[in-house]
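Read the figures in this text as sums done on the coordinates, not as results from a lab. Quantities reported herein were computed from a predicted structural model and do not represent experimental measurements. With ideal geometry, Cβ positions are generated from the backbone for all residues, glycine too; neighbour counts draw on all protein chains shown.
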Amino acid sequence: MGTVPGAGRASAEDGRGPTRTGDPLGVSEALWPAELRALRERRLKASEPGAWARIWAPGRELLLKAADTAHSEGPSAFAQAAELELREVSKRYPGQREPAIRGLSLTVPAGEVCVLVGPSGSGKTTAMRLINRMIPISAGDILLGGRSVLARDPRALRREIGYVIQQIGLFPHQTVGENIATVPRLLGWPKRRIRARVHELLELIGLDAGEMDGRYPAQLSGGQRQRVGVARALAADPPLMLMDEPFGAIDPINRARLQDEFLRLQRQVRKTIVFVTHDIDEAIKMGDRIAILREGGVLAQYDTPREILMRPADGFVAQFVGADRSLKRLALTTLGELQLIEPNGHAEDWLAGAPHTDGMVRVGRETSVRDALATLLGEEGRPLAVVDGDGHVEGLLTLELIERLLSAEAAAV
Amino acid sequence: MSAPVTAAAGPVIPDYAAQSSSCEIDNRLFCWRWVQHNWGPVLWPALREHVVLALAAVAIGFAISMALALAAHRYGWLERPTTIVTTILYTIPGLALFELLAAPVGLNVFSAEIALVSYTLLILFRNILAGLRSVPAEVLDAAEGTGMSRTQTLLRVELPLALPAIVAGLRIAIVTIIALATIVYVVYDRGLGVPIHTALGEGPFKTELIAAGGLAIGLALLADGLLVLGQRLLTPWARARAS
């Protein structure tokens with residue numbers, strides 16, 4: 001739990017564009033317009049003088065067009081994420097009087113993580129599966145990048161939406177590489193492009209491509225399987241990812257590691273993500289926004305983690321986030337964001353080697369206030385020295401400082 | 001005893017008796033010389049016919065069972081009636097079934113194959129269906145979630161994962177049918193059943209009985225072994241375990 005729970009959250013606000021790697025066009029050859037592909041074929045054969053120029057002029061137009069569409073949508077190396085909007089979505093199963101989802105409306109901005117959280121029976125998984133139409137919608141509409149999912153062929157839609165489930169569901173008879181290649185193969189990508197993509201993704205999830213490509217799922221650890229599941233979902237570079245309790249079956253230590261890893265990955269790939277969990281702590285850690293559902297599929301609150309912790313909409317939300325919500329709030333702030341205490345009148349001493357801090361416990365500026373508080377309590381209230389990445393002391397942290405932070409936040413409510 | 005083979009109904013070498021050795025005349029347990037002399041005219045043709053009879057039956061039975069299993073996999077209600085019918089077919093005693101078929105179909109290859117095929121259906125149908133149903137739910141969920149169509153899921157996920165169960169069914173079926181095909185001679189005088197029947201009618205003539213019966217057993221073991229080998233080659237993932 002040591003590192004930077006809030007680190008992934010900055011992602012949406014800083015507005016950097018999508019990261020792109022691989023194919024400079026950012027578009028799979030399979031999606032090239034037919035004329036362009038034919039053109040390429042001809043170009044490969046063209047050898048007579050002057051053929052190049054004759055072919056290039058109209059080809060250039062098409063290439064530019066293809067590059068344009070790659071920006072707006074379509075599989076490419078980390079293309080732009082799409083906004084997701086649920087409009088008054090309801091689901092009633094046949095033969096049941098009460099709907100599983102009731103008039104659910106929420107918008108997930110492009111590139112943000114929306115966590116659906118709630119007790120069992122709140123319909124969070126149902127809500128997620130409505131999005132890729134694995135469960136048919138009863139009423140309302142869902143828009144992905146402004147287009148209704150109801151107007152799409154369900155299979156084509158699903159190939160555009162990454163899908164990760166708790167049990168992972170890797171194909172046991174296929175190698176890691178084949179598993180990751182699932183959607184690109186369905187989309188008919190050329191073999192060479194698939195291979196390159198698989199290796200790129202293995203690298204991205206931190207697995208050795210040479211060693212792992214040919215392994216079978218049975219030969220992987222739980223954490224490795226989970227990573228491969230995420231890579232498979234990312235393979236065709238979908239504008240949206242659905243993740244149903246992706247870390248639910250992992251032990252707590254590895255879960256924290258996978259969460260951190262995933263947040264780092266998300267900063268790189270910037271997907272719109274719908275993430276289902278029953279664990280409010282995971283929701284707070286992973287979510288840019290949290291949608292809290294109550295029994296019967298009613299949206300209780302949809303807000304940022306900080307807002308939900310500071311201003312729970314009602315008793316249900318307050319109870320669901322827990323009595324320790326001020327503590328959870330502290331987990332959202334890192335020491336680097338605090339106005340730390342200047343060492344009293346001895347600034348030069350501090351900078352010159354800080355004899356006064358010798359006996360103090362040092363904590364990194366990336367540490368969450370919550371974790372620092374725990375350390376502080378263990379130190380019986382003696383101040384902590386907050387250091388930057390190079391080990392330079394930035395300032396001191398005391399219990400009073402944390403108290404002041406909490407009361408300032410409380411005053412803002 | 002002096003001319004055991006000339007009395008037989010099967011293929012006979014006219015001058016066989018003249019060539020008979022004392023081993024054959026005394027009907028000792030196994031006369032290698034007889035086998036050498038009769039491999040070409042008797043045993044080898046019978047073995048070839050036996051292979052064709054058994055392979056054709058299993059191949060046809062497999063095609064029918066696969067179709068039935070795929071249908072039952074998609075429409076669950078088909079399982080019960082199919083199981084009932086194939087079980088009834090399976091329980092009919094072999095000789096009785098051949099006799100039943102002889103009248104309407106005639107003494108020909110069709111009677112033989114219809115009977116043999118009907119004995120493969122229960123085994124193959126149940127195994128194929130069990131294999132298809134053994135695919136874990138989360139794997140099917142992932143297949144659907146990644147945008148596979150039903151046919152793609154079947155071809156890329158369900159059938160490969162059902163392969164071990166399917167091969168297990170094929171092994172039982174082929175061994176059963178190779179054994180059962182030795183009584184096909186009742187309606188169709190082909191296969192290893194013919195020399196076995198001949199030998200039985202003559203005392204029995206031990207050498208021919210052992211040779212033909214041994215070939216049937218060897219054939220069954222060989223077929224089983226080939227299927228095991230084939231499965232190992234086709235399911236490399238089954239042996240891949242955490243190292």
Counting pairs on different chains as well as pairs 8 or more places apart, how many Lys pairs in the range A:84-324 have Cα atoms under 20 Å apart? 4
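Can you order the peptides B:227-238, A:276-287, A:365-376 by their average number of other Cβ atoms within 10 Å per residue, highest first?
On the way: B:227-238: 14.2, A:276-287: 22.7, A:365-376: 20.0.
Ranked by mean Cβ neighbours within 10 Å, highest first: A:276-287, A:365-376, B:227-238.
Starting from the Kirkwood Rh over alpha-carbon pairs, what translational D in µm² s⁻¹ does the range A:84-324 have by Stokes-Einstein at 10 °C and 1.306 mPa s? It would help to have the intermediate numbers written out before the result.
On the way: Rh = 18.5 Å.
D, rounded to a whole number, is 86 µm²/s.
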Net charge near A:I250, counting Lys/Arg +1 and Asp/Glu -1 over other residues with Cβ under 13 Å of its Cβ? -2
When you look at the Cβ of every residue in A:330-342, what mean number of other chain Cβ atoms sits within 10 Å? 0
Antiparallel bridges, percent of DSSP beta bridges restricted to the range A:84-324 (to nearest 5): 45 percent
Residue order, fewest to most beta carbons within 10 Å, for A:I273, A:I137: A:I137, A:I273
Give me, ordered by chain and number, the residues 5 or more places off A:G140 or on other chains with an amide H under 5 Å from its own placed amide H. A:S90
Contact order relative to length of the range A:84-324, as percent, for alpha carbon pairs under 8 angstrom and 6 or more apart: 29 percent
At q = 0.18, 0.21, 0.22, 0.23 Å⁻¹, work out log10 I(q)/I(0) for the range A:132-216 with the Debye formula, treating every Cα as an identical point scatterer and leaving solvent out; two decimals please. -0.88, -1.04, -1.10, -1.15
How big, on average over all directions, is the shadow cast by the Cα convex hull of the range B:36-233, in nm²? 12.9 nm²
Do the sum for chain B: with -39,500 (n - 2.57) for every DSSP H run of n ≥ 4, divided by all residues, what is the mean residue ellipticity at 222 nm, to the nearest 500 deg cm²/dmol? -22500 deg cm²/dmol
Using the per-residue mean of other Cβ atoms lying within 10 Å as a proxy for protection, in what order, highest first, do the peptides B:99-106, B:201-208 fall? B:201-208, B:99-106
Formal net charge of residues neighbouring B:L200 (Cβ-Cβ distance under 12 Å; K, R +1; D, E -1): -1
³J(HN,Hα), Karplus 6.51/-1.76/1.60, whole Hz, each residue of the range B:154-159, x for Gly, Pro: 5, 6, 8, 10, 5, 5
Extension reserve of the A:A139-A:S120 stretch, reckoned as 0.36 nm per residue once the Cα distance is removed: 4.6 nm
Rounded FRET efficiency, nearest 0.05, which uses the C-beta distance separating A:E403 from A:R97 and R0 of 45 Å: 0.35
Long-range amide H partners of A:L116 with built H, under 5 Å: A:F275, A:V276, A:T277, A:A291
Using the beta-carbon distance between B:A103 and B:A238 and R0 = 51 Å, what value does 1/(1 + (r/R0)^6) give for FRET efficiency, to the nearest 0.05? 0.60
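Set the Förster distance to 51 Å, then compute FRET efficiency between A:A156 and B:L200 from the Cβ-Cβ distance, nearest 0.05.
Values: r = 67 Å, r/R0 = 1.30.
Once rounded, the FRET efficiency stands at 0.15.
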What is the helix-to-structure angle for B:79-91, meaning the angle in degrees between its Cα long axis and the longest Cα principal axis of chain B, kept from 0 to 90 and rounded to the nearest 10? 10 degrees
At the level of C-alpha centres, the distance separating the range B:18-54 and the range B:96-134, in angstrom, is 30 Å
Cβ-based exposure ranking for A:Y93, B:Y119, A:Y302, in which fewest neighbours within 10 Å come first: A:Y93, A:Y302, B:Y119
For the range B:167-235 and the range A:194-243, write down the distance between their C-alpha centroids in whole Å. 49 Å
